[in-house]
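Right, one structure below, let's go through it.
The values are calculated or read from the model by the stated rules, or taken from the named source; none is laboratory data. Predicted model, so just to flag it, every value in this text is computed and none were measured. Glycine also receives a Cβ, built like all others from the backbone with ideal geometry; neighbour counts cover every protein chain displayed. Heads up: the accessible areas ignore ligands, DNA and RNA and are worked out on the full protein's heavy atoms, side chains in. Shrake-Rupley method; radii C 1.70, N 1.55, O 1.52, S 1.80 Å.
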Amino acid sequence: MNVLDDLPEGLDDLRIREGGFNDGHVRTSGIDIQKLNKGLESNFEIQMKDEQDDVPQPETNENQFNPQELFQQLNYECNDTEVSDPALEHLSPFERMKQTMEDISPVGDGGIMKMILKHGAGSVVPPRSLCRVHYNGYFEFNDEPFDSSRLRGRQHQFKLGEGEILMGWEIGIGTMKRGELARFIMTSQYAYGKYGCPPRIPKDATPMFEIELISFVDQGAADDYESFTEEERKKATFEEILGAVDALRKTGNEAFELNQVKRASTSYMRAIRLLENANLKNEYEEIEMKKSALKLYLNMALMDLKEAKSGRACKHARKALEIEPKNVKALYRLARALHQLGDLESAKKEIWKAHRYSPGNEEVMKEMRQLDNELARYKRKDQALSRKMLNLDPMPKKAAAPKNPTPAQSQMLKMVLDRLKSFKNSSDLPEMRLPDTLTQEEVDSVKIAVNELDLFFSSTQANGQTMIIVSKTSLQEK
């Protein structure tokens, strides 16, 4: 894994690289399922594919599921009628499951039952968090899932408290920790309502969901700041701004994990603008601002490289280097951006700096080799072209008659080249002055010839005129 080129700053260790596509997704507040169940209106707006990045696909046709993958998601407990305990023989499969589950419904009526299948780590997911989950949904007496993100191969992403998911999900997921896998059985009032959605969702359906909380980002601080008026934003404390910036950066990291580069860039840039416009009161706030800004500039340089926005990548990498001049990631990404722009010499200077600060870094050394190879290839091409143009190579046997001379092969230039060869072989002339009437093209050609003959070229200004001198020793040796 290329750690210099593939991971944004602050990305969590849990890296699930799955994402999907859909024709559109809900914008603004989304569809409030609870309102629909009560017969109330719910306003929403659809954002079409060409307006968005790639987003996880929430729905698909179960007929598209691969039979082998479907077999792996079967849950035989849903229709298991064999019971070892005679006292439970009269209970249905879901009723037997509930015997070992915890009631987490708000009123304790058994409407949402939970069992942890795999414990998670850290704190419980906060309200208003952006969550990513994998899940399977089952109905009683049917071991095949009626809905499954795992069969689609795409995680489901949503925000808690926005009415985007079932009420039972809102309550159930609100009790989970990162990495936790839990089973939930919920009555229709917490799921699809008494009407369901036939034929796929029966009336008064009681579904069972097995949900794995892959990750979450607490967006509370960013949401609070977004709700501020302009006057309140001016009065916001540095801690409030820093909290919003941190939430936006983590949101960008989540988008990056789903390969949503444009969305990640948008989150990072919003965070950068907040920092750049913050009024700092003391040295501590300046230090903390720079720490946070460094991560964001590095992340933006990475996003720019992935979108082939080389100029912007240079700008953000240089901003990172203003904060930390020896930052290897910044130097590496600056070199990559300059490489993309075709400025190989400048790219080589930056990658050499990165190599000096991190001598054993494989990515840095790989970039150095690529630059060296390209520079050598261009040099060989230039030398071959100039030797041909200056007629320094012998004419091959049976070669066709030479074509009409190019402007660079003027009579003056040929005379100068002859003089250079004579000067090279002479023993009494330390240097030779060239005519000041040469064109720039002729001067460039002479420079190449001088290099080929192992001579030294220099030019000086005197009395408003350019004096061109070729010598057998360099100025340093003199």
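Checking every residue in the stretch 167-175 against the condition of being open to solvent by less than 60 Å² (accessible area, probe 1.4 Å), in a strand (DSSP E or B) and of a type outside the set (Gly, Ala, Ser) gives zero matches.
Somewhere in the stretch 226-242, is a residue within 20 Å of the chain's Cα centre (by Cα) and outside the structural domain of residue 124 (by the TED database)? No, the conditions are met nowhere in the stretch 226-242.
Checking each residue in the stretch 112-124 for being touching a Phe, Trp or Tyr at 6+ places or on another chain (Cβ under 9 Å), open to solvent by 10 Å² or more (accessible area, probe 1.4 Å) and β-branched (Val, Ile, Thr) picks out no residue at all. Residues in the stretch 129-160 that are in a loop (DSSP other than H, G, I, E, B), open to solvent by 30 Å² or more (accessible area, probe 1.4 Å) and closer than 21 Å to residue 256 by Cβ: 153, 154. Within the stretch 190-225, the set of residues being among the hydrophobic types (A, V, I, L, M, F, W, C) and under 31 Å from the mean Cα position of the chain (by Cα) comprises 211, 213, 214, 216, 217, 221, 222.
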